[in-house]
Structures are given as structure tokens and as C-alpha cells.
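The values are calculated or read from the model by the stated rules, or taken from the named source; none is laboratory data. Keep in mind that this is a model prediction, so the values were computed, not measured. Here the Cβ positions follow ideal geometry from the backbone for every residue, glycine too, while neighbour counts run over all protein chains shown. The accessibility values were calculated without ligands, DNA or RNA, using every heavy atom of the protein model including side chains. Shrake-Rupley method; radii C 1.70, N 1.55, O 1.52, S 1.80 Å.
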Amino acid sequence: MLRVLIVEDEEIIRRGLLCMIDWAGMGCRIVGDAADGREGLALMRTERPDVVLTDIRMPCMDGIEMAEAARAEGILPQLVFLTSYAEFGYAQQALRLQAADYLLKPVDEAELAALMRRIAADGAAQEVMPQAVEGVDWQRYFSDRLLNPYVRHAMERIRMDYRERLSIEGLAETAGVSASYLSRKFKEATGQTFLEFLTRTRLQSAVTQLRSGKYRVYEVAEENGFGDYKNFCTVFKKYMKCSPRTFLQETGGRLQQEDE
């Protein structure tokens, strides 16, 4: 069954979604509900839902900010945004986060059921087809003379030191600018958050090492800045849609013997 998390600040709507929808009949199970994006992000970390049904405009942290933070952490599941006609511009922005779809309020149960079936079918197809993480085109970025110098410095650090502990706060402090400024400029230049960009760079190297057949999975995790084995496997599955072992089986690689 699909594990579903509901994030909606209007209690009447949230309770209606929880109590009035036949989730079991759709092959779904509710694993939690939250009143804002901050609570939703915390539940994503602990519950690991397959689908997040979320409002867009909420206090504390809105749905788009929540989705961007989850994507940066490598824990972003399938997204379904709830919106109204007045928020359609937000919905278009939300779809750029590769959301599965958006639903207009009030939610039509038949449309919701059809969407859940499609998500379940798409998920089943992805399980048997590992995807490659998109590589970083360093030349394109560094040949851009208009690239913000602080962003350029941050990207150079990622390219050279991605195996080390890097943070937007640390790089900003070294450069003498605020973390919020650097974060905003980095996102404008790359279309990704700093953490997502760093994660993709690490995954590029990790995939190469796994395919070589010379490393155990925990060694790949340690050598590419992921830290512990469990964290690496979690991030790998979110981006590649399969475990490191399954990835190698599907791509014809070899895996050093180890107990997983």
C-alpha cells in the first residue's frame, strides 16, 4: 500500500481528508498529518511516506519550501499539491519541483483515486529500472563570466572537496557573506539548493566507484562524504530509485562481498 502523508494548515480540510476519504479502497495508508511544512518535513524524515499530499500556502514553512528542503535531504517522495484557482501560479511553480500532479480544492475523490493508482503504477515501473543521476556540467558554469563570484567559490569547493564536510554556512562565513544571500544566489545560478548540488556531485563519484567493482558499499559511502552506510543507502534510493546492490545487478556491475 502507498504510505501517504497529509500536510494542510486548515484543520477542517485536513480532517476531511483524513476521515472522509476511503484511503484503504485506493490502496493507501495514512502515516501522518501535519499543519505546516515544518511539521511535514519532520514527518517525512521519520515516516518515509511514498506520497505527500500538501497545501502550498502555509505558515512557518510553505509547501514549496518544504518540498525543496526534502529534495535537498534526498527524502522527497511523490508530491501532490493542493491548490485553489487563486493559487494557480503557485501550482505552476510547484510542478517545476517534479510534483506528480496538483488537485484543486475541494478534492474530488474520484480524481484523487485515479492519481493514486497512477503513482502506484509509476512507482512499480521505476523499481525495476534504475535511473542515472544527472551529472554536473562544470564547464558550463565556470565559463559563465556573469556567475556570481561567491557562487563560483562555493562550486569550486564542491568540485574539489565534496568528500569533506561542507555547509552553506561555513562557505558563507569564509567568503564574508550571509548564508541566506549565498543560498539564494546559488539557487538562482544552478536551479538547485547547495545541498542538492553537493549530493548530486557525491552521487556521480559514488556511482562510478560502485560500477568499478573495487569498493564495498560502506567504503563508497565514506569516501564520498555521505558518512555512514545507512545514510548513503537512503540518499541513493531516493535519487536512483533502487538500492546500491540492485543498481549494480541492473547495470551489470560487480559488488564486493559484504554483509548488508
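Largest to smallest in accessible area, the residues Lys237, Lys185 fall in the order Lys237, Lys185 (1.4 Å probe, all protein chains included). Listed by chain and number, the lysines whose C-alpha is less than 24 Å from the C-alpha of Lys230, apart from same-chain residues fewer than 8 away, are Lys214, Lys238, Lys241.
Coupling constants for region 158-170 follow from the phi torsions by the Karplus curve (6.51 cos²θ - 1.76 cosθ + 1.60, θ = phi - 60°), and in residue order they are 4, 4, 8, 10, 4, 6, 8, 6, 10, 9, 5, 5, x Hz; glycine and proline get x. Note on Leu18 and Arg57: their simple-model spin labels are 2.4 nm apart, each label 7 Å out from Cα toward Cβ.
Taking label points 7 Å from Cα along the Cα-to-Cβ direction, Val177 and Arg3 give a separation of 3.9 nm. Spin-label model, Glu188 to Arg165: label points 7 Å out along the Cα-to-beta-carbon direction sit 3.1 nm apart. Note on Arg48/Asp144: beta-carbon distance plugged into 1/(1 + (r/R0)^6) with R0 of 35 Å gives a FRET efficiency of 0.40. Taking amide H as placed 1.01 Å from N in the peptide plane, Met61 has its amide H under 5 Å from the amide H of Gly37, Arg38, each at least 5 places away in sequence or on another chain. Given a 1.4 Å probe and the protein chains as shown, Met58 ends up with an accessible area of around 20 Å². Computed extension length for His153-Thr208: 17.3 nm, one decimal, from 0.36 nm per residue of separation with the Cα-Cα distance subtracted. Rounded if a/c is under 1.5, else prolate if a/b is larger than b/c, else oblate: which is region 142-190, with a ≥ b ≥ c the root eigenvalues of its Cα gyration tensor? Oblate. Glu10 sits with roughly 90 Å² accessible to a 1.4 Å probe, with DNA, RNA and ligands left out of the calculation. The string of couplings for region 218-225 from the Karplus curve (6.51, -1.76, 1.60, θ = phi - 60°) is 5, 5, 4, 4, 5, 6, 10, x Hz, one whole number per residue in order, with x for Gly and Pro. Shape analysis of region 1-46 based on the Cα gyration tensor places the equivalent ellipsoid semi-axes at 18, 15, 5 Å, largest first. For Tyr102, nonlocal amide neighbours, meaning residues 5 or more places apart or on other chains whose placed amide H falls under 5 Å from its own, are Phe81.
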